[in-house]
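The structure appears below as structure tokens.
Where a number appears in this text, it was derived from the coordinates with a stated rule and is not lab data. Every value quoted in this text rests on a predicted model; they were computed, and no experiment measured them. In this analysis, Cβ positions are derived from the backbone assuming ideal geometry, glycine residues included, and neighbour counts consider all displayed protein chains.
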Amino acid sequence: MREAFNMSENAVLFLVLSLNNNNNNNNTMNTSTCQLFANLGRKISSASGDDREGAFLFRRVLVLVQRYNAVLLHDTLPATDCTD
């Protein structure tokens, strides 16, 4: 199947992201996640000229995870029939 896409083994990188955003603003990440955000932030900052891009990226990812968790929680609640 690799021949069909003509991809080498190093063409795709899968990385497990570990984000823990508890309510006391003490965000914790594993080392590879921290390195990923640092590298991406540095590259985006060099392209845009704004040194805060890494922090913006991290915040956007945290908001995305919170929204996804809210959707999952909503989907677990029983449906109520509101005829009012």
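Can you tell me which of 33-43, 66-76 comes out highest on packing, and rank the rest after it, using the mean Cβ neighbours within 10 Å?
Peptide ranking by packing, descending: 33-43, 66-76.
Through the Karplus equation 6.51 cos²θ - 1.76 cosθ + 1.60, θ set to phi - 60°, convert the phi angles of the range 59-73 into ³J(HN,Hα) values in whole Hz; use x for Gly and Pro.
The phi angles translate into 5, 4, 5, 4, 5, 4, 5, 5, 5, 4, 5, 5, 5, 4, 5 Hz.
Using the 10 angstrom Cβ neighbour count as an exposure proxy, how do PHE56, PHE14 rank, fewest first?
PHE14, PHE56
Contour minus end-to-end for VAL16 and HIS74, with contour as 0.36 nm per residue of separation and end-to-end as the Cα-Cα distance?
The span from VAL16 to HIS74 would gain 18.4 nm if fully extended.
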